[in-house]
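The values are calculated or read from the model by the stated rules, or taken from the named source; none is laboratory data. Keep in mind it's a predicted model, so treat the numbers as computed, not measured. In this analysis, Cβ positions are derived from the backbone assuming ideal geometry, glycine residues included, and neighbour counts consider all displayed protein chains. These area figures cover heavy atoms from the full protein model, side chains too; ligands, DNA and RNA do not enter into them. Shrake-Rupley method; radii C 1.70, N 1.55, O 1.52, S 1.80 Å.
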Amino acid sequence: MLNMDCPMTAAFQDDIRENEIISPRRLAERLRFSMAHLARVARLDPKAMTLYPSAPTVQIKLEEIARVITRAAELAGEEGKAVIWFKHQPISGVGKTAAELVANGDIDIVMEDLDRMAAGVYS
């Protein structure tokens, strides 16, 4: 669940939305991804993502990514650090970045790692 009481979280969520849905273009911009790369990470067909952004399947996948970035930003204290972590920092014991894990459908591993960090466990 996202902490919408956190100003940073609320600002991120507001900025990636357009017409009450997560905008693939806006999310890609915030992550500094091309639309094609966002589609790969989200495990979506690029055409479906751009032609049908409000489709439930598209929104579910984009929400997963937004949830990871939001949680990481809450822990890191800023969105920029969260994005860098998501894209570049291999998760200990796994050897893949959060973006790679999400792209492989392993969001649970990412969320478990964030939960460990929130509990003060850094490995």
Quiz item: Relative to the first principal axis of the alpha-carbon coordinates of the chain, what is the inclination of helix 7-16, with its axis defined by its Cα atoms, in degrees from 0 to 90 and to the nearest 10?
Solution: 30 degrees
Practice problem: Name the long-range amide H neighbours of E18: under 5 Å, sequence gap of 5 or more, or other chain; modelled H, no Pro or chain starts. | Solution: S23
Quiz prompt | Relative compactness, the chain, computed as alpha-carbon Rg over 2.2 N^0.38 Å | solution = 1.00
Practice problem: Quick one: which residues, 5+ away or cross-chain, put their amide H under 5 Å from the amide H of T97? H built at 1.01 Å from N. | Solution: I91
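Compute the accessible area per residue over the chain, keeping the other protein chains in place, probe 1.4 Å, unit Å².
Values: 6700 Å² over 123 residues.
Ligands and nucleic acids excluded, the figure is 54 Å² per residue.
Quantify, in whole percent, the carbon and sulfur part of the accessible surface of the chain (1.4 Å probe; protein heavy atoms only). Don't skip to the end; give the middle numbers.
Values: 3530 of 6700 Å².
In the chain, the share of accessible area belonging to carbon and sulfur is 53 percent.
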Quiz item: If you line up the long axis of helix 56-76 against the longest principal axis of the chain, both from Cα atoms, how many degrees apart are they, to the nearest 10?
Solution: 30 degrees
Self-check item: Simple Cβ-charge dipole of the chain, Lys/Arg +1 and Asp/Glu -1, about Cα centre, in debye nearest 20
Solution: 460 debye
Quiz item: Helix 107-118 sits at what angle to the longest principal axis of the chain, using alpha carbons and giving 0 to 90 degrees rounded to 10?
Solution: 40 degrees
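Where Lys and Arg each count +1 and Asp and Glu each count -1, what net charge lies around I91 among other residues with Cβ under 15 Å from its Cβ?
On the way: positive: R71, K87, K96, R116; negative: E100, D106, D108, E112, D113, D115.
Summing Lys and Arg as +1 and Asp and Glu as -1 gives -2.
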Quiz item: Rounded to the nearest 0.05, what FRET efficiency do D14 and K87 have when you use their Cβ-Cβ distance and R0 = 25 Å?
Solution: 0.65
Practice problem: Note down the accessible area of D45, probe 1.4 Å, to the nearest 10 Å². | Solution: 90 Å²
Self-check item: Under Karplus coefficients 6.51, -1.76 and 1.60, residue-wise ³J(HN,Hα) of segment 84-93 in Hz, glycine/proline x
Solution: 4, 4, 4, 8, 10, 8, x, 7, 4, x
